[in-house]
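Student: Let me begin by handing over the structure; questions about it come next.
Here, each number is a calculation from the coordinates, and none is a lab measurement. A quick note: this is a predicted structure, and the numbers were derived from the prediction, not measured. Note that we place each Cβ from the backbone using ideal geometry, even for glycine, and neighbour counts take in every protein chain shown.
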Amino acid sequence: MPYRIDALKEAETMTTDVRILGIDPGLRRTGWGLITARGSKLSYLACGVVTSDGDLPLALRLRELHEGLTRIVTTYTPDEVSVEETFVNKDAQATLKLGHARAVALLVPALAGLPVAEYAANLVKKTVAGNGHAEKVQIQAMVKFLLPKAEFKLADAADALAIAITHASHRGAIALDRRHAVAVGGGPGAARIAAALARLDR
């Protein structure tokens, strides 16, 4: 019976508008993009960037990002959030700074009680442009094709919309995997995981 209820809930989400916020983390500029998805139909709502002052200490820059993303979440009230995973490069310091920004991007929606999904950059590129190694100009062109009304001046905002599009494409599979994990899960942490996932599904 629980699986019947879950299946009905999933079918319902495919026939109602779901507001998805995509976030492309960055310490200097964090891109954000908001879309609605109903089944395979996507609609553009808004996008932009949250910036931090490079002359400020790290802690204050992170506070700026936190405050900016909190305003976005409060203003646009998304149903679900998707964040790009950290890309590890040869510059350890740059990777660490990106990790700080990504932590803020994950924390803000989590504090608002929103479900958060994470996607690797190559999956975002493959989903949107059909090529896991697509260039930024290709991503921007495909975002504009999929969301004709989208207006973005910076690549960060276009990337955030691409992340939201990726979530719209994969969210059904994620819900399925989530239910499967709870069904087959065992061990001392299974109950805690199941309880956390149940809260996300409310």
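Student: Which three semi-axes in whole Å describe the equivalent ellipsoid of the stretch 17-168, each the square root of 5 times a Cα gyration tensor eigenvalue, listed largest first?
Tutor: Values: eigenvalues 105, 66, 35 Å².
Value: 23, 18, 13 Å, ordered largest first.
Student: In whole Å, what is the distance between the alpha-carbon centres of the stretch 108-172 and the stretch 45-72?
Tutor: Between the Cα centre of the stretch 108-172 and that of the stretch 45-72, the gap is 20 Å.
Student: Something else now. Excluding same-chain pairs closer than 8 in sequence, count the lysine pairs in the stretch 17-168 whose Cα atoms lie under 23 Å apart.
Tutor: 20
Student: Now for a separate question. Peptides 125-133, 139-147, 100-108, 159-167: what's the order by average Cβ count within 10 Å, highest mean first? Each step should come with its number before you reach the end.
Tutor: Values: 125-133: 16.3, 139-147: 18.9, 100-108: 20.7, 159-167: 29.4.
Highest-to-lowest ranking by the protection proxy: 159-167, 100-108, 139-147, 125-133.
Student: Which value, in debye to the nearest 20, describes the size of the charge dipole of the stretch 17-168 about its Cα centre when Lys and Arg Cβ atoms bear +1, Asp and Glu Cβ atoms bear -1, and nothing else is charged?
Tutor: Using only the charged Cβ atoms, the result is roughly 260 debye.
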